[in-house]
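Nothing in this text is a laboratory measurement; each read-out follows from the coordinates by a stated rule. Please read these numbers as outputs of a predicted model, since none were measured by experiment. Because the Cβ atoms are built from the backbone with ideal geometry, glycine has one as well, and the counts that use them run over all protein chains shown.
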Amino acid sequence: MIRVLIADDQAMVRTGFGMIIGAQADMEVVGEAADGVEAVALARKLRPDVALFDIRMPRMDGLEALRLLAGPGVADPVRVVVVTTFDLDEYVHQALRNGAAGFLLKDSGPALLVEAVRAAVAGDALISPSITVRLLEHLSPPAPKGDDAGLSPRELEVVKLVAKGLTNAEIATALFISVGTVKTHLGSVQTKLGVQNRVKIAAWAWERRLIS
């Protein structure tokens, strides 16, 4: 079972996320926190596989709680996915610097929330598609075109869709392949590019101007 901790100051949000997680056959909610101090204490006590943290919480915000649990120098970091209403670049940058294993907007929907939890467990990092596209559009300077790193045509198709912010399920639908095949392609891409997650895959694609 994937053990999940939920931290949000709104009881309705905690309940909603709990229902989504609880509906998965391989996931369970092991704890809930209403503020950042409680979230850090519970995370250290329960050692969940993944923690879902809001940003704006009483006593300690989610970004500081994240830093204490997964930031630079933390010996045994907790995988934390930030789930927030606030679509601000400064929050995204700070969350990633503080070790976030994902950054989602609360309106992303149940499917993306579940995929973000699974990605975090797998050592990947999933960021809301709209945020990924906006951040990567500002990368500079771009690398020269023509460097395909030995990727196959199908792998390049997958990379381009990742860079556009599509989830694995959406990529599978777009290319008429299974989600398992998408994951296989992504594993091969990560090996060839020498990167660890889909965010870096997307960055590679944008740097090489594969996306207009």
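Some notes on this structure:
- With the charge dipole of the chain set up from +1 on Lys and Arg Cβ and -1 on Asp and Glu Cβ about the Cα centre, the Cα lying farthest toward the positive end among the listed residues 2, 18, 184 is that of 184.
- Residue 45 versus residue 85: modelled label distance in nm, points set 7 Å from Cα along the beta carbon direction: 2.8
- Using the Stokes-Einstein relation with a Kirkwood hydrodynamic radius computed over Cα pairs, the translational diffusion coefficient of segment 1-130 at 20 °C and a viscosity of 1.002 mPa s comes to 153 µm²/s.
- Charged neighbours of residue 8, selected by a Cβ distance under 13 Å, balance to -3 (K, R count +1; D, E count -1).
- Leading residue at positive end of dipole, segment 1-121 (Cβ point charges), from 83, 29, 63: 29
- The alpha-carbon of residue 192 sits under 22 angstrom from the alpha-carbons of these lysines, leaving out residues fewer than 8 places away in its chain: 145, 160, 164, 183, 200.
- Most positive-pole-ward Cα, 169, 201, 120, against dipole of the chain from beta carbon charges: 201
- Once the Cα atoms are used to define both axes, helix 11-22 deviates from the longest principal axis of the chain by about 60 degrees.
- Computed FRET value (nearest 0.05) for residue 209 with residue 74, which takes r as the C-beta separation and R₀ as 25 Å: 0.10
- Values of log10 I(q)/I(0) for segment 159-212 across q = 0.29 Å⁻¹ run -1.19, by the Debye formula with one identical scatterer at each alpha carbon and no solvent.
- Stretching the chain fully between residue 156 and residue 195 yields a gain of 12.5 nm (0.36 nm per residue, less the alpha carbon separation).
- Computed lengthening from residue 28 to residue 59, 0.36 nm per intervening residue step minus Cα-Cα distance: 8.5 nm
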